[in-house]
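Asks: My questions all concern the structure below.
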Amino acid sequence: MRYNTEEKRLALPEYGRNIQNMVDYCVTIQDREERKRCANAIINIMGNMFPHLRDVNDFKHILWDHLAIMADFKLDIDYPYEIVRKENLYNRPPRIPYNNNRIRYRHYGKTLELMINKATRLEPGPERSQLIRLLANQMKKSFLTWNKESVDDRKIFKDLEELSGGKIVLNENEHKLTESREILARNNSGNKRNFTRKGR
């Protein structure tokens, strides 16, 4: 009896030893047409192993790439897709530069800052007023997410004025935001629902 430790290392262990043996046999077939038929049969078996991935874009293309990898790129057939090149298989992807943009208030986040900047460039009118109201309420919600206590609307208006470079000034007598206790109650009920789902 041969142990797996005595067998050659599997290129893609998720397909298992039997599929690898099929691929190894396929490579040895002399007749080109028979070799292609064998390769198609292996692809069908591989696809049936992961039916939940059938809706993934380029699913078939991925399978043919995997077949080429398992064959160590020695399978001489006409592939229906342009397969991955061996020399590109282990290349590192290009380094993604880290975003060093400074966030003035981390609890509000960069996206909110960008939206506030967008609001400052809108012409005065209902659309601008509605956006500013939504932004102010979102700021309050974000503040309370990280600071589990009540927050005065004047603090939100002050931060909004600062983040907008003084272009958005709200008056606490004219603008009312959602009550802190209402936001906290929603946050707590949402957390309880998530905890219940995880506990099932």
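The values are calculated or read from the model by the stated rules, or taken from the named source; none is laboratory data. Note that the structure is predicted; figures quoted are calculated from it, not measured. Reconstructed Cβ throughout: ideal geometry from the backbone, glycine too, with neighbour counts over all protein chains shown. Ligands, DNA and RNA are stripped out before the accessible areas are found, and what is left, the full protein with its side chains, is counted by its heavy atoms. Shrake-Rupley method; radii C 1.70, N 1.55, O 1.52, S 1.80 Å.
Asks: Where the second residue is open to solvent by less than 30 Å² (accessible area, probe 1.4 Å) and part of a helix (DSSP H, G or I) and the first is over 22 Å from Ser129 (Cβ atoms) and among the small types (Gly, Ala, Ser) and lies in the stretch 139-159, which pairs have Cβ atoms under 9 Å and are six or more apart or on separate chains?
Replies: Sorted first by the residue in the stretch 139-159, then by its partner, the pairs are Ser150/Leu144; Ser150/Ser180.
Asks: For residues in the stretch 119-129 being within 17 Å of Val169 (Cβ to Cβ) and either in a helix (DSSP H, G or I) or touching a residue at least 12 places away in the same chain (Cβ under 8 Å) (or both), which is least open to solvent (accessible area, probe 1.4 Å)?
Replies: Taking the candidates together, the pick is Ala119.
Asks: Any chance the stretch 93-113 includes a residue that's at pLDDT 95 or above and among the aromatic types (Phe, Trp, Tyr)?
Replies: Taking the stretch 93-113 as the starting set, the residues that turn out to be at pLDDT 95 or above are none.
Among the residues of the stretch 93-113, not one is at pLDDT 95 or above and among the aromatic types (Phe, Trp, Tyr), which makes the answer no.
Asks: Continuing with this model, one more query. Kindly evaluate Lys141 against the criterion of being at pLDDT below 90, surrounded by 13 or more Cβ atoms within 10 Å (Cβ to Cβ) and not in a loop (DSSP other than H, G, I, E, B).
Replies: Numbers: at pLDDT below 90: yes; surrounded by 13 or more Cβ atoms within 10 Å (Cβ to Cβ): yes; not in a loop (DSSP other than H, G, I, E, B): yes.
Taking the combined requirement at face value, the residue satisfies it.
Asks: Name the one entry in Glu162, Glu174 that is open to solvent by 50 Å² or more (accessible area, probe 1.4 Å) and either more than 12 Å from Tyr108 (Cβ to Cβ) or assigned to a loop (DSSP other than H, G, I, E, B) (or both). Quick ask: steps written out before the conclusion?
Replies: Values: Glu162 fails: either more than 12 Å from Tyr108 (Cβ to Cβ) or assigned to a loop (DSSP other than H, G, I, E, B) (or both).
That would be Glu174, the only listed residue that is open to solvent by 50 Å² or more (accessible area, probe 1.4 Å) and either more than 12 Å from Tyr108 (Cβ to Cβ) or assigned to a loop (DSSP other than H, G, I, E, B) (or both).
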